[in-house]
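The values are calculated or read from the model by the stated rules, or taken from the named source; none is laboratory data. Keep in mind that what you see is a predicted model, and the values were worked out from it rather than measured. Cβ atoms come from the backbone with ideal geometry, glycine included; neighbour counts cover every protein chain shown. To get the accessible areas, we keep the full protein, side chains included, count just its heavy atoms, and leave off ligands, DNA and RNA. Shrake-Rupley method; radii C 1.70, N 1.55, O 1.52, S 1.80 Å.
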Amino acid sequence: MKLKIAKTVAALMLANISVQAENSQSTHLDDVNIKTTTAFDAQIKSISSQELEDKQASDVKDVLKSIPSVDVSGDARYAQKIYVRGLDDKSSNITVDGAKVGGQLFHHSGDQTIDPSLLKITSVELGPNSALSGSGVINGSFVYETKDPSDFLEPNEVFGGKVTLGYQSGYERKTGTVAVFGRVNDKVEFVGIGTISDDGTLRIGGGEEFTSKESRLESGLAKIVIKANDYNTIKLSYNRYEDSGDRQLSGEKVGTDNEEDYNSITRDTFNINYEYKPDNELVNVKANTYYNEQYLTREATSEATYEEPEREYKNTTLGYDLRNTSLLGIHKITYGTDYTHEEQEVSADGYRVYTTGVTEDLNVSGGEIDNRGLYIEDEMQLNKLTLTLGARYDYHELGGIYDGTFKELSPKLKAKYQLTDELALKTAYGHIFKGPALGETLMLSSTTTQDDDVSAQIGNNFELGFDYDLTNTLNADYSIFGFNIYRYDVDNYSYPTKNNSLSSESDVVIWGLETMFSYEKDKFGLNASHSYTDGKEKDLASGTTYDPKAAHIHLFKIALNYQLLNELKGSYSTQFVPGNTWNEYSSTSGVIEYERGGYATHDVDFTYKPNSMKNTTFNFGVGNIFDKKYVSHNGFGAQTTSTNRNYDVGRNVKLQLSYRF
């Protein structure tokens, strides 16, 4: 059945290409009018640096909190975990300037090491319905793009800078950012950004305080853009992120006032991006090659029965993506190839020494992955029908301490039919294939062995929905309402936590719905969304059926913004999550029903740009205004009976001053 579907998709594409090829010479970009904007795009695909600055975003939770179907749990930066459509981001594709961030370092900390001060734009692709989103996508993709020199430089400006200082009371977070940018000549531009952010005592709702998550973030970006001519652009960049401190290792657990040992999470990313865009509708080449290291460092420690030296747990990812886009009549065809290599290792500055005198070598070379992909996607406008057909082929090979090969052809489809001027019907399908992922790096040891029956994760995603344009009905500048239902299944679901044998753990089925509304009129804007997630999971070892952690969760989000004066704008946002229950399973306790308490939070933000102080911006805001004490429903210890609950930050007063010179 899979082969028949794949052949059908390929045949349709080849037929369309052959019909249009003879007309390619007379095709112009302006003639191709492919309408893909939806209600979901309005809230998901355009989170700009200006929005992040207005909200004084300082961690990944601030970046993603407004996005429908996305939930971020945790308080401190390194504690935050991201869930999208019922599963966390280990089922997603995450890229920074095209560089893939993969693997799990430690199961009690997050792995999206993102500093908002460096970001130009953030987008999230819900679902696995695009052939262009990379390999291994189950629930979605996170795409982060860092700032370019052109995002700062004014016309004819040669050199400039920007200084930003900020403070947030909930974390005792003191932040300073300096950016310098310039234009060497008409072909070369550069930007350098550096941020230092110190976190002190963490304050949760109700006033309780902890000192065990104090840390310092040091991040930076260096980027050179070379425009050799009108057709060729090269971007060279280096991005570093280091979050460290004498702090508890398990960031997602409840804080304490205990003294802790030093640990850090660091990411180093090197990128080369190239674009060739001549005056030819058949050629728009984009190439990206990257090298990425993400590692957890722990200082030497003494335990009751042994002493350990300093250790480093590292995940390395390198690869490339090469694609071309051709316009052929009504078709926009993108095709290309990508490659990803992942590996993990543990290195120690000496041996573990037991009190008995026995020593143990902690250095371990772990697993490796090589994934090679080919993909094609054809986006076409057929009168009232916008149809996107795609497919990707993946060859996934295990190496290092593991072995095995896995391959799959995955068809993709998206369709939108404009039934009336206002109403558009939508559907989508994406075949799911994710080769076995490397297990948690912190848990690697010399005794790690591979499961006898390692399998790829396989499934299918189906979506159905509509968009209704309310612009004329509501006499708005722009307004749209969207509704979407989805269902996806994953056989042989595997999660990296404590799973260095790469064993399959369960079969999962997730379903849900998403409702979104956007409205803009003059100086006023409104975004509102509701998402609901449910599903069933079956343990492969026992056959027991239970609820995924994200089951039964309703998530309501509302955001308002208004230009109060020419110099002053304000915004208000709220999030409401009703209480619910879910049935959790463990091999030791069986199925237990737990309850999660409901909560609501409210935030306000203001941006003031006084005319009397040119190039100066003041930001003021209050997060969690009413100091609600709560745990995200996807967070650690979410059940009301837990004594180890990872409460989110309480009332958070935010101040920020920026000056551009």
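Looking for something part of a strand (DSSP E or B) and among the aliphatic types (A, V, I, L, M) - is there at least one such residue anywhere in the stretch 626-646? Let's see the steps before the verdict.
Filtering the stretch 626-646 down to residues part of a strand (DSSP E or B) leaves none.
The answer is no; no qualifying residue exists.
Residues are listed down the side, and each one gets a yes or a no for (1) free of Cβ contacts under 8 Å to residues at least 12 places away in the same chain; (2) surrounded by 18 or more Cβ atoms within 10 Å (Cβ to Cβ); (3) among the aliphatic types (A, V, I, L, M); (4) touching a helix residue (DSSP H, G or I) at 6+ places or on another chain (Cβ under 9 Å):
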{"site": "474", "(1), (2), (3), (4)": "no, no, yes, no"}
{"site": "488", "(1), (2), (3), (4)": "no, yes, no, no"}
{"site": "492", "(1), (2), (3), (4)": "no, yes, no, no"}
{"site": "496", "(1), (2), (3), (4)": "no, yes, no, yes"}
{"site": "503", "(1), (2), (3), (4)": "no, yes, no, no"}
{"site": "511", "(1), (2), (3), (4)": "no, yes, no, no"}
{"site": "529", "(1), (2), (3), (4)": "no, yes, no, yes"}
{"site": "533", "(1), (2), (3), (4)": "no, yes, no, no"}
{"site": "541", "(1), (2), (3), (4)": "no, no, yes, no"}
Open item on the list: For the stretch 224-244, give me the residue count where each residue is small (Gly, Ala, Ser) and farther than 22 Å from residue 180 by Cα.
Closed with: 2
TODO: Determine if the stretch 149-167 includes at least one residue that is of a type in the set (Asp, Glu), part of a strand (DSSP E or B) and either under 23 Å from the mean Cα position of the chain (by Cα) or surrounded by 17 or more Cβ atoms within 10 Å (Cβ to Cβ) (or both).
DONE: no
- [ ] Given the conditions (1) free of Cβ contacts under 8 Å to residues at least 60 places away in the same chain; (2) farther than 30 Å from residue 491 by Cα, report the number of the one that residue 624 does not fulfil.
- [x] (1)
Open item on the list: What's the number of the only condition in (1) open to solvent by 60 Å² or more (accessible area, probe 1.4 Å); (2) touching a residue at least 60 places away in the same chain (Cβ under 8 Å); (3) β-branched (Val, Ile, Thr) that residue 340 fails to meet?
Closed with: (1)
Open item on the list: I need a count of the residues in the stretch 604-632 that are in contact with a strand residue (DSSP E or B) (Cβ under 8 Å, 6 or more places away or on another chain) and over 20 Å from residue 208 (Cα atoms).
Closed with: 14
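Specify the residue that is farthest from residue 437 (Cα to Cα); the eligible residues are those in the stretch 404-423 that are of a type in the set (A, V, I, L, M, F, W, C) and outside any loop (DSSP other than H, G, I, E, B). Break it down stepwise before answering.
Step one: filter the stretch 404-423 for residues of a type in the set (A, V, I, L, M, F, W, C), giving 406, 409, 413, 415, 419, 423.
From what's left, outside any loop (DSSP other than H, G, I, E, B): 406, 409, 413, 415, 423.
Values: 406: 12, 409: 18, 413: 26, 415: 31, 423: 41 Å.
Per the criteria, the residue is 423.
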TODO: Being closer than 17 Å to residue 38 by Cβ and in contact with an Asp or Glu (Cβ under 9 Å, 6 or more places away or on another chain) is the filter; apply it to the stretch 453-466 and report the residue that is surrounded by the most Cβ atoms within 10 Å (Cβ to Cβ).
DONE: 461
Task: Residue satisfying condition, being open to solvent by 40 Å² or more (accessible area, probe 1.4 Å), of a type outside the set (Lys, Arg) and out of contact with any Phe, Trp or Tyr (no Cβ under 8 Å at 6 or more places or on another chain), within set 302, 264 - done: 302
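Could you go through the stretch 545-557 and let me know if any residue there is part of a loop (DSSP other than H, G, I, E, B), open to solvent by 30 Å² or more (accessible area, probe 1.4 Å) and of a type in the set (Ser, Thr, Tyr). Reasoning before the result, please.
First, the residues of the stretch 545-557 that are part of a loop (DSSP other than H, G, I, E, B): 547-552.
Those still in the list that are open to solvent by 30 Å² or more (accessible area, probe 1.4 Å) too: 549, 552.
Still in the running and of a type in the set (Ser, Thr, Tyr): none.
Taking every residue of the stretch 545-557 in turn, none turns out to be part of a loop (DSSP other than H, G, I, E, B), open to solvent by 30 Å² or more (accessible area, probe 1.4 Å) and of a type in the set (Ser, Thr, Tyr).
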Task: Failed item, numbered, when residue 393 is tested on (1) surrounded by fewer than 22 Cβ atoms within 10 Å (Cβ to Cβ); (2) in a strand (DSSP E or B); (3) in contact (Cβ under 8 Å) with a residue 24 or more places away in the chain; (4) not small (Gly, Ala, Ser) - done: (3)
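What residue, of 127, 98, 103, is out of contact with any Phe, Trp or Tyr (no Cβ under 8 Å at 6 or more places or on another chain), buried (at least 21 other Cβ atoms within 10 Å of the Cβ) and on the phi > 0 side of the Ramachandran plot?
Values: 127 fails: out of contact with any Phe, Trp or Tyr (no Cβ under 8 Å at 6 or more places or on another chain); 98 fails: out of contact with any Phe, Trp or Tyr (no Cβ under 8 Å at 6 or more places or on another chain).
Residue meeting the stated conditions: 103.
Just name the residue that is surrounded by the fewest Cβ atoms within 10 Å (Cβ to Cβ) out of those in the stretch 139-148 that are assigned to a strand (DSSP E or B) and out of contact with any helix residue (DSSP H, G or I) (no Cβ under 6 Å at 6 or more places or on another chain).
In the first step, residues of the stretch 139-148 are kept if they are assigned to a strand (DSSP E or B); the result is 140-146.
Now narrow it down to the ones that are out of contact with any helix residue (DSSP H, G or I) (no Cβ under 6 Å at 6 or more places or on another chain): 140-145.
Numbers: 140: 25, 141: 22, 142: 24, 143: 18, 144: 25, 145: 16.
My answer is 145.
Is it true that residue 310 is without any contact (Cβ under 8 Å) to a residue 12 or more places away in the chain, open to solvent by 60 Å² or more (accessible area, probe 1.4 Å) and either of a type in the set (Lys, Arg) or more than 22 Å from residue 235 (Cα to Cα) (or both)? Before you say what the answer is, go through the steps one by one.
Values: without any contact (Cβ under 8 Å) to a residue 12 or more places away in the chain: no; open to solvent by 60 Å² or more (accessible area, probe 1.4 Å): yes; either of a type in the set (Lys, Arg) or more than 22 Å from residue 235 (Cα to Cα) (or both): yes.
No.
Is it the case that residue 449 is among the hydroxyl-bearing types (Ser, Thr, Tyr), in contact with a strand residue (DSSP E or B) (Cβ under 8 Å, 6 or more places away or on another chain) and open to solvent by 20 Å² or more (accessible area, probe 1.4 Å)?
So residue 449 does not fit the description; no.
Find the strands (runs of 3 or more DSSP E) located wholly in the stretch 263-342 whose residues include 3 or more that are over 25 Å from residue 212 (Cβ atoms), and list them. Reasoning before the result, please.
Values: elements: 285-298, 306-308, 311-328.
The qualifying strands (runs of 3 or more DSSP E) are 285-298, 311-328.
Looking at the stretch 618-651, which of the residues that are closer than 17 Å to residue 51 by Cα and open to solvent by 30 Å² or more (accessible area, probe 1.4 Å) is farthest from the chain's Cα centre (by Cα)? Talk me through it step by step, then tell me what you get.
So in the stretch 618-651, the residues closer than 17 Å to residue 51 by Cα come out as 618-623.
When the remaining residues are screened for being open to solvent by 30 Å² or more (accessible area, probe 1.4 Å), the result is 618, 620.
Numbers: 618: 29, 620: 27 Å.
Among residues in the stretch 618-651 that are closer than 17 Å to residue 51 by Cα and open to solvent by 30 Å² or more (accessible area, probe 1.4 Å), the one farthest from the chain's Cα centre (by Cα) is 618.
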- [ ] May I ask you to verify whether residue 317 is over 30 Å from residue 244 (Cα atoms), open to solvent by less than 40 Å² (accessible area, probe 1.4 Å) and polar (S, T, N, Q)?
- [x] no
TODO: Could you figure out which of (1) hydrophobic (A, V, I, L, M, F, W, C); (2) touching a Phe, Trp or Tyr at 6+ places or on another chain (Cβ under 9 Å); (3) crowded, with 20+ Cβ neighbours inside 10 Å; (4) in a strand (DSSP E or B) isn't true of residue 438?
DONE: (4)
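With 91, 58, 69, 49 as the choices, which residue is of a type outside the set (Lys, Arg) and open to solvent by 20 Å² or more (accessible area, probe 1.4 Å)?
Details: 91 fails: open to solvent by 20 Å² or more (accessible area, probe 1.4 Å); 58 fails: open to solvent by 20 Å² or more (accessible area, probe 1.4 Å); 69 fails: open to solvent by 20 Å² or more (accessible area, probe 1.4 Å).
Of the residues listed, the single one that is of a type outside the set (Lys, Arg) and open to solvent by 20 Å² or more (accessible area, probe 1.4 Å) is 49.
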